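A.B. asks: I'd like to ask some things about the structure below.
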Amino acid sequence: MTTLYGIKNCDKIKAARRWLDQHAIEYRFHDYRDDGLDTRQVERWLGALGAEALVNRRSTTWRSLSAADQARLAGDSAAKLLCQHPTLVKRPLLEHGKHLVVGFSATDYASLLGT
């Protein structure tokens, strides 16, 4: 199963969805805001990718966090904080089997999905 995670009005999500649709790739879209995030799932993502790859430090949400909360993203409470503020998760996040791809790259998607 292929799942695309993100926020529906994000331009990068729109580009990724358009690419998946054009290549007839079946996928499920999971909206961070509407569908929420599961702590165990985010912990798995953090374990596989690390906080540097997963956390969107350019977002307005990041800039609005206190220094103490920003520091929590380096510790054990990172998953809980990301679930509380899902817009901190970079997007899109494509999950295909055990593989995760952060961001949209047609080349990366084609390589992973065999198109």
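The values are calculated or read from the model by the stated rules, or taken from the named source; none is laboratory data. Nothing here was measured: the structure is a model prediction, and the numbers come from that model. Cβ coordinates were reconstructed from backbone atoms using ideal geometry, including for glycine residues, and neighbour counts include every protein chain displayed.
A.B. asks: What is the number of the single condition among (1) crowded, with 16+ Cβ neighbours inside 10 Å; (2) within 13 Å of the chain's Cα centre (by Cα); (3) not in a loop (DSSP other than H, G, I, E, B) that ALA53 does not meet?
C.D. replies: Going through the list (1) crowded, with 16+ Cβ neighbours inside 10 Å; (2) within 13 Å of the chain's Cα centre (by Cα); (3) not in a loop (DSSP other than H, G, I, E, B), ALA53 breaks only (1).
A.B. asks: I would also like to ask the following. Please work out which residue is farthest from VAL102 (Cα to Cα), limiting yourself to region 2-23 and to residues that are outside any helix (DSSP H, G or I) and in contact (Cβ under 8 Å) with a residue 40 or more places away in the chain.
C.D. replies: Residues of region 2-23 outside any helix (DSSP H, G or I): 2-10, 23.
Subset that is in contact (Cβ under 8 Å) with a residue 40 or more places away in the chain: 2-7, 10, 23.
Numbers: THR2: 14, THR3: 12, LEU4: 10, TYR5: 10, GLY6: 10, ILE7: 14, CYS10: 14, HIS23: 19 Å.
Going through the qualifying residues, I end up with HIS23.
For every residue, the table says whether it meets (1) outside any helix (DSSP H, G or I); (2) among the polar types (S, T, N, Q); (3) exposed (fewer than 15 other Cβ atoms within 10 Å of the Cβ).
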position	(1), (2), (3)
ILE25	yes, no, no
TRP45	no, no, no
ARG58	yes, no, yes
LEU100	yes, no, no
THR107	no, yes, yes
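A.B. asks: Looking only at region 1-23, filter to residues that are touching a Gly at 6+ places or on another chain (Cβ under 9 Å) and among the hydrophobic types (A, V, I, L, M, F, W, C); which one of those is surrounded by the most Cβ atoms within 10 Å (Cβ to Cβ)?
C.D. replies: The selected residue is ALA16.
A.B. asks: When the residues of region 81-96 are narrowed to those that are touching a strand residue (DSSP E or B) at 6+ places or on another chain (Cβ under 6 Å) and closer than 23 Å to TRP19 by Cβ, which ends up surrounded by the fewest Cβ atoms within 10 Å (Cβ to Cβ)?
C.D. replies: HIS96
A.B. asks: Taking interchain pairs and intrachain pairs at least six residues apart, which have beta carbon atoms under 9 angstrom, with the first residue in region 103-115 and at pLDDT 95 or above and the second of a type in the set (Val, Ile, Thr) and part of a helix (DSSP H, G or I)?
C.D. replies: Going by the 9 Å Cβ cut-off, the qualifying pairs are PHE104/ILE13.
A.B. asks: Any idea how many residues of region 13-32 are in contact with a Pro (Cβ under 6 Å, 6 or more places away or on another chain) and not β-branched (Val, Ile, Thr)?
C.D. replies: Residues that pass the stated criteria total 2.
A.B. asks: What about CYS10, is it under 23 Å from THR115 (Cβ atoms), hydrophobic (A, V, I, L, M, F, W, C) and modelled with pLDDT under 95?
C.D. replies: For CYS10, the condition - under 23 Å from THR115 (Cβ atoms), hydrophobic (A, V, I, L, M, F, W, C) and modelled with pLDDT under 95 - is met.
A.B. asks: Under the condition of being surrounded by fewer than 18 Cβ atoms within 10 Å (Cβ to Cβ) and under 17 Å from THR39 (Cα atoms), which residue from region 66-80 is modelled with the lowest pLDDT?
C.D. replies: Here the answer is GLY75.
A.B. asks: Could you grab the pairs with beta carbons closer than 7 Å, sequence gap of 6+ or different chains, first residue in region 62-91 and of a type in the set (Ser, Thr, Tyr), second one at pLDDT 80 or above?
C.D. replies: Filtered contacts from region 62-91: THR87/ILE7; THR87/TYR32; THR87/SER59; THR87/THR61.
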